[in-house]
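*Asks:* Structure in structure tokens, see below.
The values are calculated or read from the model by the stated rules, or taken from the named source; none is laboratory data. Here the structure is a predicted model, which is why all the values come from computation and not from measurement. With ideal geometry, Cβ positions are generated from the backbone for all residues, glycine too; neighbour counts draw on all protein chains shown. SASA here: full protein model, heavy atoms, side chains in, ligands and nucleic acids out. Shrake-Rupley method; radii C 1.70, N 1.55, O 1.52, S 1.80 Å.
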Protein chains: 2
Amino acid sequence: MAFINDHYLKLKAGYLFPEIGRRVNKFCEENPNAAVIKLGIGDVTEPLPTAIREAMHAAIDEMGEAGSFRGYGPEQGYGFLREAIAKNDFQSRGVDISADEIFVSDGSKCDTGNILDIFGANNKVAVTDPVYPVYVDTNVMTGRTGAADENGRYAGLTYLPVTAENNFVAPLPESPVDLIYLCYPNNPTGTVATKETLKQWVDYARANGSIILFDAAYEAFITDPEIPHSIYEIEGAKDVAIEFRSFSKNAGFTGTRCAFTVVPKQLKGTTASGEPAEIHPLWNRRHCTKFNGVSYIIQKGAEAVYSEQGQEQIQSLIAFYLENARLLREGLESVGISVYGGVNAPYVWLKTPGESTSWEFFDELLQKAHLVGTPGSGFGASGEGYFRLSAFNTRNNINEAVTRFQNVVS
Amino acid sequence: MAFINDHYLKLKAGYLFPEIGRRVNKFCEENPNAAVIKLGIGDVTEPLPTAIREAMHAAIDEMGEAGSFRGYGPEQGYGFLREAIAKNDFQSRGVDISADEIFVSDGSKCDTGNILDIFGANNKVAVTDPVYPVYVDTNVMTGRTGAADENGRYAGLTYLPVTAENNFVAPLPESPVDLIYLCYPNNPTGTVATKETLKQWVDYARANGSIILFDAAYEAFITDPEIPHSIYEIEGAKDVAIEFRSFSKNAGFTGTRCAFTVVPKQLKGTTASGEPAEIHPLWNRRHCTKFNGVSYIIQKGAEAVYSEQGQEQIQSLIAFYLENARLLREGLESVGISVYGGVNAPYVWLKTPGESTSWEFFDELLQKAHLVGTPGSGFGASGEGYFRLSAFNTRNNINEAVTRFQNVVS
């Protein structure tokens with residue numbers, strides 16, 4: 001008898017975004033003429049920059065000549081891309097990360113899920129609440145939790161609430177945890193962590209032998225020079241943290257697919273018998289055994305992100321989305337909505353008006369304004385009463401969305 | 001304390017190919033003028049066909065216009081590719097597989113590793129011996145085995161020897177198994193399975209409630225019209241088999257990355273409590289939670305494989321590599337080597353001359369002929385005394401390799 005992994009049966013009915021899709025599709029079928037504006041999924045809308053496209057065109061031409069054709073590349077990524085990342089994203093900020101600590105992949109969603117492969121099933125795991133659902137679901141799938149309660153919280157996970165009451169700063173856990181997911185700039189709240197906040201976490205991890213899984217997919221949106229872009233800007237972090245980065249949101253790669261994960265060579269975990277064990281060779285082994293590298297064509301595109309022309313073009317993309325975020329934020333504030341995030345991040349997190357639950361507000365906004373956002377409760381129990389809007393859209397749609405939103409709530 | 005997954009510590013020192021790379025690098029450093037010919041890793045060498053490159057160029061241009069830009073695509077793959085696969089690879093052979101049973105991915109190595117996520121840790125697993133090492137290593141990583149013995153065989157796995165003695169036909173297991181890996185045309189032996197052999201396995205799986213993990217990455221090389229290309233050509237297989245396919249070897253995608261996995265909707269496993277459970281929704285959930293789809297650009301390239309022009313071009317690639325295989329096979333046979341495979345597959349599997357072990361012959365061939373192959377024992381204990389040569393190379397290199405090989409053994 002082929003047995004399934006029964007842990008999958010604990011998963012709640014659907015990933016958040018398919019449920020949103022279902023409701024939106026139903027609405028659109030019933031209202032075929034409604035011009036629905038989607039600010040739900042954080043998906044980029046602007047064309048891929050010229051420098052990136054030119055590099056990919058050239059790579060395709062190379063693939064057409066026997067002398068420059070590329071077959072299997074290094075599973076960890078080509079040296080040209082790993083070097084460019086190390087130099088531009090880390091060394092240029094005074095962070096000593098080397099090319100061979102960088103593992104190129106096809107997405108941060110994959111990496112944040114797959115990283116659990118190299119950790120024992122007995123680790124105590126902490127997540128913020130609200131949180132990116134993939135962290136939770138992949139822990140459920142790998143048997144690190146019990147069943148979900150009526151609020152959707154899984155037994156065995158440690159939830160760290162982040163709400164307006166604590167200014168969206170996650171409290172340290174009351175009892176020790178082994179793996180800690182942190183995401184800054186934060187998805188979904190759009191808030192950031194100061195150096196002091198991150199230092200507190202690094203110190204906690206060092207004191208407890210924990211490992212921080214730091215998701216920095218949105219670092220390019222940081223505008224405040226005091227806010228760290230990498231957890232490795234904090235002293236001692238290389239002993240306790242893995243960092244996830246992506247080209248999805250800074251360079252418009254959601255449909256092109258390239259990301260990377262940083263595993264410092266000095267990072268150690270613990271074997272069941274209590275011996276220290278290096279994490280880098282474990283992830284390297286996992287990457288080489290279960291992955292075959294990212295397309296050469298796509299890696300050449302990612303490399304072009306770091307060219308002078310590429311940097312100019314992606315800065316203009318980022319500025320464009322940040323201006324969208326500002327328009328959303330100020331447009332909502334002007335009608336009395338409490339708004340968080342949207343300054344160093346492409347997400348605006350708002351308190352639902354009146355006593356509306358997140359899903360009630362979702363339905364109201366869809367029905368009355370033909371606007372799609374994401375219910376805060378979809379990200380966790382402490383997200384109830386909040387709502388996320390994404391700044392990834394055209395300027396016209398953002399302006400129109402603000403007007404429609406204002407008409408609904410004022 | 002962050003605990004590692006201790007099962008990784010059971011893995012033998014290195015994946016086979018890195019060890020080959022180490023020995024080759026050492027030889028090249030000591031013999032900088034040696035013109036080494038590599039017939040080791042099964043990596044394609046011929047340029048990517050025009051039809052595929054043109055489709056990818058056009059897709060990049062689409063990504064440069066706001067109206068045709070693509071962000072996140074469906075995790076399972078775009079409809080245009082899933083439809084093309086279902087129609088051309090299955091329906092055209094009278095096999096009733098539908099587009100929504102196909103999951104597009106970035107590689108069969110990933111898929112054959114990741115598929116274990118959805119199965120329980122308590123399944124009894126069977127592999128042929130020799131076998132593609134990824135099947136074994138990913139089972140070790142997920143804790144489905146004990147430690148390795150001195151021959152590299154892991155406790156708890158069921159090994160089914162395939163050697164010249166049984167004509168490379170895997171015997172049915174003596175005690176029941178739950179998951180069975182089969183790969184045809186076979187890597188590493190280059191042998192194929194007849195309809196009768198596959199029917200025996202399908203009948204076994206149906207009788208025992210087992211699931212067959214069928215790796216058909218090399219199906220395009222089948223020349224004999226009597227040999228099935230898909231396990232679903234066998235009646236009843238949709239109830240008991242998952243099939244893995246790839247564009248790596250037929251269309252030269254080893255560095256471009258696209259593959260797919262077929263999970264029939266009627267396929268069922270068993271929950272711990274003995275209830276039947278559909279596999280399709282589990283894999284769909286895994287795919288949506290831990291994967292974000294293949295690059296739009298690459299999927300457009302894969303779609304072009306099925307165009308009239310694309311089909312002509314890949315047929316010419318396949319014919320080229322098969323002619324290489326023929327040259328290798330006949331060249332070796334002419335000096336008295338026993339050769340298997342290489343007719344319906346791009347691999348030639350040979351008996352090492354005299355009493356040489358696989359690694360002894362590897363070293364001899366490298367030192368005397370500057371030729372790199374793959375030691376049979378690297379694929380499993382029953383591969384000892386065998387050796388694999390890959391037909392993926394230029395014609396000049398193949399001819400030169402045959403001459404050098406003949407000089408060494410005659």
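*Asks:* Determine which lysines satisfy two conditions relative to B:LYS199: a Cα distance under 25 Å, and not lying fewer than 8 residues away in the same chain.
*Replies:* Excluding near neighbours in sequence, the set is B:LYS87, B:LYS124, B:LYS238, B:LYS265, B:LYS268.
*Asks:* Then there is this: Within 10 Å of each Cβ of A:109-121, how many other protein chain Cβ atoms are there on average?
*Replies:* For this peptide, the per-residue mean of nearby foreign Cβ atoms is 5.
*Asks:* What is the sum of charges around B:PRO264, taking Lys and Arg as +1, Asp and Glu as -1, for the other residues whose C-beta is under 11 Å from the C-beta of B:PRO264?
*Replies:* -3
*Asks:* Report the residue, chosen from B:ARG326, B:ARG93, B:ARG22, that carries the largest GNM mean-square fluctuation when chain B is represented by alpha-carbon nodes joined by springs under 10 Å.
*Replies:* Ranking B:ARG326, B:ARG93, B:ARG22 by mean-square fluctuation puts B:ARG22 first.
*Asks:* Measure off 7 Å from each Cα along the Cα-to-Cβ vector at A:ASP203 and A:THR50, then give the distance between these two points in nanometres to one decimal.
*Replies:* Label-label distance for A:ASP203 and A:THR50, simple model: 5.0 nm.
*Asks:* How large is the charge dipole for chain B, taken about the Cα centre, if only the Cβ atoms of Lys, Arg (+1) and Asp, Glu (-1) carry charge, to the nearest 20 debye?
*Replies:* 460 debye
*Asks:* Can you give the net charge of the other residues whose Cβ lies under 14 Å from the Cβ of B:ILE102, counting K and R as +1 and D and E as -1?
*Replies:* Computed value for this residue: -4.
*Asks:* Additional query: Over chain B, with a Gaussian network built from C-alpha contacts below 10 Å, which listed residue (B:GLU19, B:GLU233, B:GLU101) shows the highest mean-square fluctuation?
*Replies:* Highest fluctuation among the options: B:GLU19.
*Asks:* Below 8 Å between Cα atoms, with a sequence gap of 6+, how large is the relative contact order for chain A in percent?
*Replies:* Worked out over chain A, it gives 23 percent.
*Asks:* Could you calculate the FRET efficiency of A:LYS26 with B:GLU62 from 1/(1 + (r/R0)^6), where r is the beta carbon distance between them and R0 is 35 Å, rounded to 0.05?
*Replies:* Here the calculated transfer efficiency is 0.75.
*Asks:* Under 16 Å Cα-Cα from B:LYS290, which lysines qualify once same-chain neighbours fewer than 8 residues away are excluded?
*Replies:* A:LYS12, A:LYS109, A:LYS290, B:LYS109
*Asks:* Taking 7 Å along the Cα-to-C-beta vector as the label spot, tell me the A:GLU308-B:GLU235 distance in nanometres, rounded to one decimal.
*Replies:* Computed distance between label sites A:GLU308 and B:GLU235 equals 7.1 nm.
*Asks:* Taking every residue in B:70-76, how many Cβ atoms of other protein chains lie within 10 Å of its Cβ, on average?
*Replies:* 5
*Asks:* Quick check for me: using +1 on Lys/Arg Cβ and -1 on Asp/Glu Cβ, what's the dipole size of the protein assembly as shown about its Cα centre, in debye to the nearest 20?
*Replies:* 240 debye
*Asks:* A further question follows. For a paramagnetic label modelled at 7 Å from the Cα of B:GLU226 toward its Cβ, which residues of segment B:183-218 fall within the zone defined by backbone nitrogen distances under 15 Å?
*Replies:* Output list for this probe position: B:192-199.
*Asks:* What residues have an amide H closer than 5 Å to that of B:ASP129, excluding those fewer than 5 places away on the same chain, when H is modeled at 1.01 Å from N in the peptide plane?
*Replies:* B:LEU160, B:VAL162
*Asks:* Shifting gears a bit: Relative to the present Cα-Cα distance, how much length would full extension add between B:PHE320 and B:GLU196 at 0.36 nm per residue of separation?
*Replies:* 41.7 nm
*Asks:* Evaluate the distance, in nm, between pseudo-label points positioned 7 Å from the Cα of B:SER175 and of B:ASN88 along their respective Cα→Cβ axes.
*Replies:* 4.7 nm
*Asks:* With both partners inside the protein assembly as shown, how many of the DSSP beta bridges are antiparallel, as a percent to the nearest 5?
*Replies:* About 55 percent, rounded to the nearest 5.
*Asks:* Further question: Connecting C-alpha atoms closer than 10 Å in a GNM of chain A, tell me which of A:GLU275, A:GLU62, A:GLU196 has the biggest fluctuation.
*Replies:* Ranking A:GLU275, A:GLU62, A:GLU196 by mean-square fluctuation puts A:GLU275 first.
*Asks:* Using the Cα centre of segment B:83-159 as origin and beta-carbon charges of +1 (Lys, Arg) and -1 (Asp, Glu), tell me which of B:THR145, B:VAL104, B:ALA86 is placed farthest towards the positive end of the dipole.
*Replies:* It is B:THR145, whose Cα lies furthest towards the positive end.
*Asks:* So the label point sits 7 Å from Cα along the Cα-to-Cβ vector; using that for B:ARG93, what distances do you get to the other copies, in nanometres, sorted shortest first?
*Replies:* Ordered by increasing distance: 5.0 nm.
*Asks:* Rolling a 1.4 Å sphere over the protein heavy atoms, what is the accessible area per residue of segment B:51-148, to the nearest Å²?
*Replies:* With all protein chains present, segment B:51-148 gives 29 Å² per residue.
*Asks:* Using a label point 7 angstrom from Cα along Cα-to-C-beta, what distances in nm, from shortest up, separate B:SER338 from the other copies?
*Replies:* 8.0
*Asks:* Using only helices, what value at 222 nm comes out for chain A when you add -39,500 (n - 2.57) per DSSP H run of length 4 or more and divide by the total residues, to the nearest 500 deg cm²/dmol?
*Replies:* Theoretical 222 nm ellipticity from helices: -10000 deg cm²/dmol.
*Asks:* With no solvent and one point per C-alpha, what does the Debye sum give as log10 I(q)/I(0) for the protein assembly as shown at q = 0.04, 0.10 Å⁻¹?
*Replies:* Treating every Cα as an identical point scatterer, log10 I(q)/I(0) equals -0.17, -1.09.
*Asks:* Count, for each residue of B:129-137, the Cβ atoms from other chains sitting within 10 Å of its Cβ, then give me the mean as a whole number.
*Replies:* So the per-residue partner count for this stretch is 1.
*Asks:* Rounded to whole Hz and in sequence order, give me ³J(HN,Hα) for segment B:233-240 from the Karplus expression 6.51 cos²θ - 1.76 cosθ + 1.60, θ = phi - 60°, writing x for Gly and Pro.
*Replies:* 6, 8, 4, x, 5, 5, 7, 9
*Asks:* Once segment B:53-306 is represented by equal point scatterers at the alpha-carbon sites, with solvent omitted, what log10 I(q)/I(0) does the Debye formula produce at q = 0.07, 0.12 Å⁻¹?
*Replies:* -0.24, -0.71
*Asks:* What is the sum of charges around B:LYS26, taking Lys and Arg as +1, Asp and Glu as -1, for the other residues whose C-beta is under 12 Å from the C-beta of B:LYS26?
*Replies:* Its environment carries a net charge of -2.
*Asks:* Between the label point of A:GLY236 and that of the same position in each other copy, find the distances and list them shortest first in nm, with every label point placed 7 Å from Cα along the Cα-to-C-beta direction.
*Replies:* Spacings between copies for this position, smallest first, are 6.4 nm.
*Asks:* Oh, and also: For a distance above 21 Å, tell me the whole-number percent of Cα pairs in segment B:214-303 that qualify.
*Replies:* 45 percent
*Asks:* Apply the Karplus curve 6.51 cos²θ - 1.76 cosθ + 1.60, θ = phi - 60°, to the phi angles in segment B:206-221 and return the couplings in whole Hz, x for Gly and Pro.
*Replies:* 5, 6, 9, x, 8, 10, 9, 9, 9, 9, 10, 4, 10, 4, 5, 8
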